[in-house]
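Right, one structure below, let's go through it.
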Amino acid sequence: MGDTVNSVVEGGLCCGCGTCAGVCPTEAIVMNMTSRIFVPSISLDKCIHCGLCVRSCPGHSVDFSSISTQVFGETPQDLLIGEFQNCYVGYSTNHELRYNSSSGGLATQLLVFALENDIIEGALVTRMKRKNPLQPEAFVARTVEDILSASKSKYSPVAANVALKEIARESGRFAVVGLPCHIHGIRKAEEVSTALKKKITLHIGLLCSHMVTFAGIYNLLRKLKIEKDLVRKINYRGDGWPGSLSVHLDHGHYKRVPLTDSWKGYWSLFSSFFFTPMRCTMCPDQTAELADISLGDAWLPEFRSDRTGRSIVICRTKFGQRLLEKAMQSKVVSLKQVNSGKILQSQKANLKFKKSDLAQRLSLLRMFGKATPRFTPAPHGKISLFSFLRNLFVCFNVYVANKAFFKSLWVNLPFPLFRLYYGIYKSLSFV
């Protein structure tokens, strides 16, 4: 790679995480919002060609073996979910927080607990801007109110790691919350900055199958017949589990659409990888394997009727384990230990996408002239007809979603057709 992230962007490997802007010592890099993701722009007048941006960038490469050895003391024994100490299913005991979060409210609850008990002085989190509610902003929360303002999922691109520059300027201990790509970037940034490594004491990773581009969100609003300039507030989750999209407009008007569990659930529009960045299809990490604690929805049959939400929890480090135990002792969270098989059951389709199919998908992309990232260890999986069909489904949908004719078609097709269409991919995932 070159000595700046321009080479990563030009190669189509930028994941928009913002790490480069967060570590740049001269603030020569800003993240610009495009119709798809955030991408870095470098001011040549300020750039000193130190190479920190490209060395910290997770877009072109991630050495999981090396980072795992540094963080956990060994390489992971479980190749599907990474290193772990214990696995749990649980939730926040604060009913209001739990009900208005994405699943069990654990990410928010653990941050509040850590802040109130002087375990951290701040947390890198993301909320939607008040004046531009369709644009996310990362910041360092220092109060309970700030942490609460960042609750719920944001199904949009987030350049969260831009806020690393704020952590670098301050003293104290900090938590960071992010998707697997954000955690990859933070761990790489810690390799080149001992100051960041000392300050960031807690990494909370959020499970992620793939991102939705800004174009996807705008087209969803078009489908709902909502002008994006009229949106005053948007929540992608909340109001119980699995929750709903709620779009607030002027004069108290709002539109609500369920996430799933309905033929009109809006996630069916994105589950087939429409409006997904191609770089997301190259990621080998579903469960945020480099975090201290990983959290996600408990998509398990025994909890389908639970309308308040539960999270699966993968605790990976001793520090994370101590935090969970203290939170349990203080009765702010309720956790039940489970075996790792429950994690695999909860994430079966996504793990097949991220793990079993990745090697063949990367080969397929390279055949069509696409650059692909370097991962250590290299992805591997069985090559089969069904794997090929699944990968073809994914790549075709990512490609076609950017075509003008499809955007018009996408807006006018009824919700149930998307659910039926995703059923094709899901049926292929059973084999």
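All conditions but one from (1) touching a helix residue (DSSP H, G or I) at 6+ places or on another chain (Cβ under 8 Å); (2) closer than 26 Å to Arg98 by Cβ; (3) not in a loop (DSSP other than H, G, I, E, B) apply to Ala168; the one that does not is (2). Restricting attention to segment 39-52, does a residue exist that is in contact with a Cys (Cβ under 8 Å, 6 or more places away or on another chain) and part of a helix (DSSP H, G or I)? Checked segment 39-52: at least one residue is in contact with a Cys (Cβ under 8 Å, 6 or more places away or on another chain) and part of a helix (DSSP H, G or I).
Residue count for segment 363-389 under the criterion of being outside any helix (DSSP H, G or I) and either touching a Gly at 6+ places or on another chain (Cβ under 8 Å) or polar (S, T, N, Q) (or both): the result is 6. Of the residues making up segment 80-95, those that are surrounded by 15 or more Cβ atoms within 10 Å (Cβ to Cβ) and outside any strand (DSSP E or B) are Leu80, Ile81, Gly82, Glu83, Phe84, Gln85, Thr93, Asn94. Please work out if Leu392 is touching a Leu at 6+ places or on another chain (Cβ under 8 Å), assigned to a helix (DSSP H, G or I) and more than 29 Å from Asn86 (Cα to Cα). Spelling it out, Leu392 is indeed touching a Leu at 6+ places or on another chain (Cβ under 8 Å), assigned to a helix (DSSP H, G or I) and more than 29 Å from Asn86 (Cα to Cα).
Filtered by the rule that a residue be among the hydroxyl-bearing types (Ser, Thr, Tyr), surrounded by fewer than 18 Cβ atoms within 10 Å (Cβ to Cβ) and at pLDDT below 95, segment 366-398 gives a lone residue, Ser384. Can you confirm whether Val177 is of a type in the set (Val, Ile, Thr), crowded, with 24+ Cβ neighbours inside 10 Å and either at negative phi or without any contact (Cβ under 8 Å) to a residue 24 or more places away in the chain (or both)? Spelling it out, Val177 is indeed of a type in the set (Val, Ile, Thr), crowded, with 24+ Cβ neighbours inside 10 Å and either at negative phi or without any contact (Cβ under 8 Å) to a residue 24 or more places away in the chain (or both). Among the residues of segment 342-400, those identified as among the hydroxyl-bearing types (Ser, Thr, Tyr) and either over 17 Å from Gln286 (Cβ atoms) or over 22 Å from the mean Cα position of the chain (by Cα) (or both) are Ser363, Thr372, Thr376, Ser384, Ser387, Tyr399. Residue count for segment 53-78 under the criterion of being surrounded by fewer than 15 Cβ atoms within 10 Å (Cβ to Cβ), of a type outside the set (D, E, K, R) and in a loop (DSSP other than H, G, I, E, B): the result is 2.
The values are calculated or read from the model by the stated rules, or taken from the named source; none is laboratory data. Source: prediction; values computed, not measured. A quick note on method: Cβ atoms are made from the backbone with ideal geometry, for glycine too, and the neighbour counts reach across all protein chains shown.
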